[in-house]
Amino acid sequence: MTEPAPQPPRDEIILAVEGLSKRFGGVTAVDDVSFNVKQGELLGVIGPNGSGKTTLVNLITGFLQPSTGRVSLKGQDITGGPPYRTAELGLARTFQMVKPFYQLPAFKNVVVALFSPRVKRLAGGAYGDRDAVAKDLLEEVGFERDSWVINKQASVLPHGYLKRLELARCLALRPEVLVLDELFSGLSLAEVASLVPVIEKLMVQGMTIIMVEHRLKELFRIADRVLVLNFGQKIAEGVPAEVMAQPKVRGAYLGSESED
Amino acid sequence: MAAQDTSKQVTRRRERLDRGIKVRSEDIYALNSWREALYLLAPRALPVVALVLLQLLAPEYWQRVLISTTVFALLAISWDLAASSGMVCLGQALFFGVGAYLAGIMNHYLGLPPGLTLPLATLGGGVICTVLLLPVLRLRGIYFAMFTLILPLMIERIIEATKVFGGTEGLSGLTPFAHPLWESFLTMAALWVALFGLRRIMASDYGLVLKGINDNDRAVMSAALNIYRYKAQALFLAAATGAFAGAFMTHSYRFVGMPVFALDYSILPIASAAVGGLGTLAGPALGAFILVPLSEMLRGLGGLRIVIYAVLLVVFTVGLPEGVFHYLRRKYTQFERWTEVGK
């Protein structure tokens, strides 16, 4: 048994987003959004299509420069990236549209992430056997160890595997905060059901997670809090059941009642 | 009747099986027999031995052709290395020309011998080209390619307009190599160092990062890797390889002038890569060894030479779209046989 790493006290704010806005020409994709994420919690971000969820993720992770606003991770300003610095400081993300290295064997996808200086730093200056660690990580996200799948080129893997591969590549960085951009999209009910325990296990280990998700039913089972976006604005934030009871949230998803 | 015939053909398919050899199974690197050792060594040793023999036995004219072929093979390797790291270059002439001029300048103005100009031009050329392209490393695909295409043409015009380094006349009467044989073996040695050395780098975990950048640079960034640093390093390796080729040619011709920035040096590496097969470094080198001698053989045909050359290029790329190298490797490592489909 390995000694569990000392956890920082829960409730400590690990990620702070203040007044974040992004304008593309005349369109305001994200409009003055502020929120905090506490150590060890799972925050769900939901909203109808085009409400700015993925733009928000891109802003937080440094892939986009915000027009105004500030993002800080553990008190350190990470506004506007560059993305490799944001990741270096411990904020890892998956992509909604999977971005594997198609030419490489599946486990080598994870080896690329294990090559990063952050991994070396956290391991105390040594990389260790990257191939073995990559296979451990793939097992953690639900690949069968030593199956033919992990040696296959990523280009021939089915979508469900690629989603897991994205997750493994993030976990390789041993991140402080994990941002999952629609991890469940395009997966079958069975696939989602098998992925939920993976996330629950991360939560037990004290990982802070932001989940952007369309699959509300699955999300609400595991989320501590949710944040609702509509037309780039935050319209609600709180415990899932309470948030979904609010008329303006129902209106955003189902159409406003006043319009009838 | 005709329909039946085609249906008969469909019931058979080509089956491909990997040749059984222990060393192919990922982790085990124990060679069990001389046969297995030979199986691995032969495809690597054969071209080395063949080239040495050719260089020693061929008539003098073809020895010269072999030298310039080797130089183009180096350029093709340089192109493929950059392309494998997500930087498609249309301007190998930049690397070649900068290396060539550096060697010429150091020899002509400072009187340095080839033993010094070659390594200095290789390193210096690598640094200069990397610095020149540093501002556009953020560009991807065709935008980066356009910039690399323009740079050598621009430098050519600058030399013409400002008349620096001999202007249109160039620098002539440079120090030759001590002995023609020494010249042959130097290019060959450079080719094998570049080919096997860079192939080893690309096979390492560092090479994985470069291939990852080629595949998906945003995913590499999200893995906390500064892609611009890696791209600059890969660019340096590619540029240094090309600059050596240029510096070598300067001393081989005892002359350097504006033609070193000509389009030929940009186009032929790409054609070699297309014929030989991308992404292996060995493929483009093999492509150069097909195209350059072919072009020489056709020299006697006069005006139609280019037409026939072009037709042969089309035949190669249509007939073997994967590239000659990939085709040969597949034939070497796999059995093929026809098997019945279904019952």
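The values are calculated or read from the model by the stated rules, or taken from the named source; none is laboratory data. Everything quoted here is computed from the prediction, not taken from an experiment. In this analysis, Cβ positions are derived from the backbone assuming ideal geometry, glycine residues included, and neighbour counts consider all displayed protein chains. Ligands, DNA and RNA are excluded from the accessible area calculation, which covers all protein heavy atoms including side chains. Shrake-Rupley method; radii C 1.70, N 1.55, O 1.52, S 1.80 Å.
Let's see if you can work this out: charge +1 on each Lys and Arg Cβ, -1 on each Asp and Glu Cβ, no other charges. What is the dipole magnitude of the stretch B:61-340 about its Cα centre, in debye to the nearest 20? List each step's numbers first, then the result.
Working: 18 positive and 13 negative charges, 49 e Å.
Using Cβ point charges on Lys, Arg, Asp and Glu, the stretch B:61-340 gives about 240 debye.
Just to make sure I understand: if all protein chains stay in place, what is the order of B:Arg64, A:Arg23 by accessible area at 1.4 Å, largest first? Each step should come with its number before you reach the end.
Values: B:Arg64 95, A:Arg23 120 Å².
Accessible-area ranking of B:Arg64, A:Arg23, largest first: A:Arg23, B:Arg64.
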- [ ] Calculate, in nm to one decimal, what B:Thr317 and B:Arg12 gain on full extension: separation in residues at 0.36 nm each, minus their alpha carbon distance.
- [x] 107.1 nm
TODO: Note down the accessible area of B:Asp80, probe 1.4 Å, to the nearest 10 Å².
DONE: 0
- [ ] Calculate for chain B the 222 nm mean residue ellipticity that helices alone would give, adding -39,500 (n - 2.57) per DSSP H run of length 4 or more and normalising by residue count, nearest 500 deg cm²/dmol.
- [x] -24000 deg cm²/dmol
TODO: For chain B, report the accessible area per residue in Å² (1.4 Å probe, heavy atoms, rounded to an integer).
DONE: 50
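As a test of the formula, what do you get for chain A when each DSSP H run with n ≥ 4 contributes -39,500 (n - 2.57) and the sum is divided by the residue count, at 222 nm and rounded to the nearest 500 deg cm²/dmol?
Values: 10 runs with 90 residues, N = 260.
Roughly -10000 deg cm²/dmol at 222 nm, from the helical runs in chain A.
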TODO: Determine, from the Cβ-Cβ distance of A:Arg85 and B:Tyr109 and an R0 of 41 Å, the FRET efficiency 1/(1 + (r/R0)^6), rounded to the nearest 0.05.
DONE: 0.40
- [ ] Distance from a point 7 Å along Cα→Cβ of B:Leu54 to each backbone N in the stretch B:258-289: keep the residues under 12 Å and list them by number.
- [x] B:285-289
TODO: Compute the length gained on full extension between B:Leu298 and B:Ala45: take 0.36 nm times their separation in residues and subtract their Cα-Cα distance, giving the result in nm to one decimal.
DONE: 88.1 nm
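Thinking of the protein assembly as shown as a set of Cα atoms, what percent of all their pairs are more than 39 Å apart? Don't skip to the end; give the middle numbers.
Numbers: 79893 of 181503 pairs.
Summing the P(r) tail past 39 Å for the protein assembly as shown gives 44 percent.
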- [ ] State the answer as a single residue: which of B:Leu225, B:Ile270, A:Val239 lies farthest towards the positive end of the charge dipole of the protein assembly as shown, with beta carbon charges of +1 for Lys and Arg and -1 for Asp and Glu, about the Cα centre.
- [x] B:Ile270
Open item on the list: Net charge around B:Tyr253, counting only other residues with Cβ within less than 13 Å of its Cβ (Lys, Arg = +1; Asp, Glu = -1)?
Closed with: +1
Open item on the list: Residues of the stretch A:85-102 that become at least 50 Å² less accessible with every protein chain present than in their own chain isolated, using 1.4 Å: which are they?
Closed with: A:Lys99, A:Phe101
- [ ] Could you work out how far apart the two model spin labels at B:Ser172 and A:Ala190 are, taking each label as a point 7 Å from the Cα in the direction of the beta carbon, and quote it in nm?
- [x] 7.9
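For the protein assembly as shown, which whole-number percentage of the solvent-accessible area (1.4 Å probe, protein heavy atoms only) is attributable to carbon and sulfur atoms? Intermediate values should be presented prior to the final figure.
On the way: 17740 of 28770 Å².
Ligands and nucleic acids excluded, carbon and sulfur reach 62 percent.
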- [ ] Return, ordered by residue number, the residues of the stretch B:228-272 whose backbone nitrogen is under 17 Å from a label point located 7 Å along Cα→Cβ of B:Val164.
- [x] B:256-261
Task: Measure of compaction for chain A (Cα Rg per 2.2 N^0.38 Å) - done: 1.02
TODO: Return the FRET efficiency for the residue pair A:Asn36, A:His159: r is the Cβ-Cβ distance, R0 is 45 Å, and the value is rounded to the nearest 0.05.
DONE: 0.85
- [ ] Could you pull out every one of the lysines with an alpha carbon less than 28 Å from that of A:Lys120, ignoring same-chain neighbours closer than 8 positions?
- [x] A:Lys38, A:Lys74, A:Lys99, A:Lys108, A:Lys135, A:Lys152, A:Lys163, A:Lys201, B:Lys211, B:Lys231
Task: Angle between chain A longest axis and helix A:130-140 axis [Cα atoms, degrees, rounded to 10] - done: 50
- [ ] For helix B:282-297, report the angle its Cα long axis makes with the longest principal axis of the Cα atoms of chain B; keep it between 0 and 90° and round to the nearest 10°.
- [x] 70
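What total accessible area, in Å², is buried where chains A and B meet, using a 1.4 Å probe and rounding to the nearest 100? Kindly include the intermediate steps, with their values, before the conclusion.
Values: alone 12610 and 18270 Å², together 28770 Å².
Using a 1.4 Å probe, the pair buries roughly 2100 Å².
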- [ ] May I ask for the distance between the Cα centers of the stretch A:35-86 and the stretch B:270-297, given as a whole number of Å?
- [x] 48
Open item on the list: Are there any residues in the stretch B:221-235 with a reduction of at least 40 Å² in accessible surface when going from the isolated chain to the assembly of protein chains? Probe 1.4 Å, please list them by number.
Closed with: B:Met221, B:Ser222, B:Ala223, B:Ala224, B:Leu225
Open item on the list: For B:Glu15, what residues show an amide H to amide H distance below 5 Å, using hydrogens built from the backbone and excluding near sequence neighbours?
Closed with: B:Arg337, B:Trp338, B:Thr339
Open item on the list: Around A:Lys22, under 11 Å between beta carbons, what's the net of Lys plus Arg minus Asp minus Glu among the other residues?
Closed with: -1
Open item on the list: Could you work out the pair-distance distribution P(r) of the stretch B:61-340 from its alpha-carbon pairs, with 5 angstrom bin width and percents rounded to whole numbers?
Closed with: 1, 6, 12, 16, 18, 16, 13, 9, 5, 2, 1, 0, 0, 0, 0
TODO: Go ahead and set up a Gaussian network model of chain A, Cα springs under 10 Å, then flag whichever of A:Val226, A:Val45, A:Val243 fluctuates most.
DONE: A:Val243
Open item on the list: If R₀ is 45 angstrom, what is the calculated FRET efficiency for the pair B:Ser204 and A:Thr68, using the beta carbon separation as r and rounding to 0.05?
Closed with: 0.55
Task: Distance between modelled label sites at A:Asp224 and B:Trp338, nm, 7 Å Cα→Cβ extension - done: 6.7
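Counting Lys +1, Arg +1, Asp -1, Glu -1, what net charge surrounds A:Phe107 among other residues with beta carbon under 9 Å of its beta carbon? Could you put the intermediate results ahead of the total?
Values: positive: A:Lys108, A:Lys135; negative: A:Asp131.
Combined, the nearby Lys, Arg, Asp and Glu give +1.
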Open item on the list: Compute the angle between helix B:227-253 and the longest alpha-carbon principal axis of chain B, please, reported from 0 to 90 degrees and rounded to the nearest 10.
Closed with: 70
Open item on the list: Below 8 Å, C-alpha to C-alpha, sequence gap of six or more: please give me the relative contact order for chain B in percent.
Closed with: 32
